[in-house]
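One structure below.
The values are calculated or read from the model by the stated rules, or taken from the named source; none is laboratory data. Predicted model, so just to flag it, every value in this text is computed and none were measured. Ideal geometry is used to build each Cβ from the backbone, glycine not excepted, and the neighbour counts take in all protein chains shown. The area values use the complete protein model at the heavy-atom level, side chains included, leaving out ligands, DNA and RNA. Shrake-Rupley method; radii C 1.70, N 1.55, O 1.52, S 1.80 Å.
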Amino acid sequence: MAATTDTDHEKHTGGASRPPAARRRPGPIAMAVSFCGELLITAGLVLGLFVVYSLWWTNVVADRAAGKQADKVRDGWAHDRGGPGALDTKNGIGFLHVPAMSKGEVLVEKGTSNKTLNDGVAGYYIDPVKATLPMSGKDGNFSLAAHRDGHGAAFHNIDKIEKGDPIVFETKDKWYVYKTYAILPETSKYNVKVLSPVPKESGKKEPGRYITLTTCTPLYTSTYRYIVWGELERVEKVDADRTPPKELG
């Protein structure tokens, strides 16, 4: 039997055995890129959670709070507690109904601070220009504000309102029916003239009974303000069944 040569052994084994090459450690640049990538992923997740919280969860919380407060107001009305709404501003003075916004009823309370509006309600201005409440029966501007995104987003679909659309305000004993007559899609957040008793920027020059809706624009920002103006067409007395005006179907 012939002796096995080294050459023959290499043929059968595929060559001499070699130790595995040691793994190279990534350089400083590669480590920095990897670290930055992980940071970006983490930041993206945090940002995503923040968006969910801001645009969804705050709506859930605010709608619950507004619903509870609205129940208190209606319960007070049903049990004839307090006045007709003109002075009873602790829990809310009434409900705004704007079919074009598809929000249903929106409770209206005193003030436009975030503390008030974050509960998913609309608030009437007391500063820098004091709103004229419709229950007073006086000429003036019933000016309101509400959030457009997050915290109930009561005025989210304000851009769906068109000229001629109804805006109805409900109190304990009256329905105030307004008709939209002018819209300002964008103006400075510092433009307080839109709240004037006679809102001349809307085209009006004489005293009247007006309503003004204000909110932030564009969507998801607070850079500018979106304005809708309406003028009172009529007042209807609330009947025993609280039958809504025809504009609310």
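Among the candidates PRO84, PRO99, which residue alone is modelled with pLDDT under 95 and either at negative phi or open to solvent by less than 30 Å² (accessible area, probe 1.4 Å) (or both)?
Step by step, each of PRO84, PRO99 is checked, and only PRO84 is modelled with pLDDT under 95 and either at negative phi or open to solvent by less than 30 Å² (accessible area, probe 1.4 Å) (or both).
Six or more apart or on different chains, Cβ under 9 Å: which pairs go from a residue in segment 157-173 that's at pLDDT 95 or above and exposed (fewer than 13 other Cβ atoms within 10 Å of the Cβ) to one that's outside any loop (DSSP other than H, G, I, E, B) and not hydrophobic (A, V, I, L, M, F, W, C)? Could you list them?
Close Cβ pairs satisfying both conditions: GLU162/THR180; LYS163/LYS179; LYS163/THR180; LYS163/TYR181; GLY164/LYS179; GLY164/THR180; GLY164/TYR181.
In segment 104-120, is there at least one residue being among the β-branched types (Val, Ile, Thr), more than 14 Å from the chain's Cα centre (by Cα) and not in a helix (DSSP H, G or I)?
Checked against the condition, which is being among the β-branched types (Val, Ile, Thr), more than 14 Å from the chain's Cα centre (by Cα) and not in a helix (DSSP H, G or I), segment 104-120 yields at least one hit.
Quick check: is even one residue across segment 51-59 open to solvent by 80 Å² or more (accessible area, probe 1.4 Å), in a helix (DSSP H, G or I) and at pLDDT 90 or above?
No, because not a single residue in segment 51-59 is open to solvent by 80 Å² or more (accessible area, probe 1.4 Å), in a helix (DSSP H, G or I) and at pLDDT 90 or above.
Any residue in segment 184-195 that is among the acidic types (Asp, Glu) sitting within a Cβ distance under 8 Å of a residue that is crowded, with 16+ Cβ neighbours inside 10 Å? List the pairs, counting only those 6 or more apart or interchain.
From segment 184-195, the pairs are GLU186/THR217; GLU186/TYR224; GLU186/ARG225; GLU186/TYR226.
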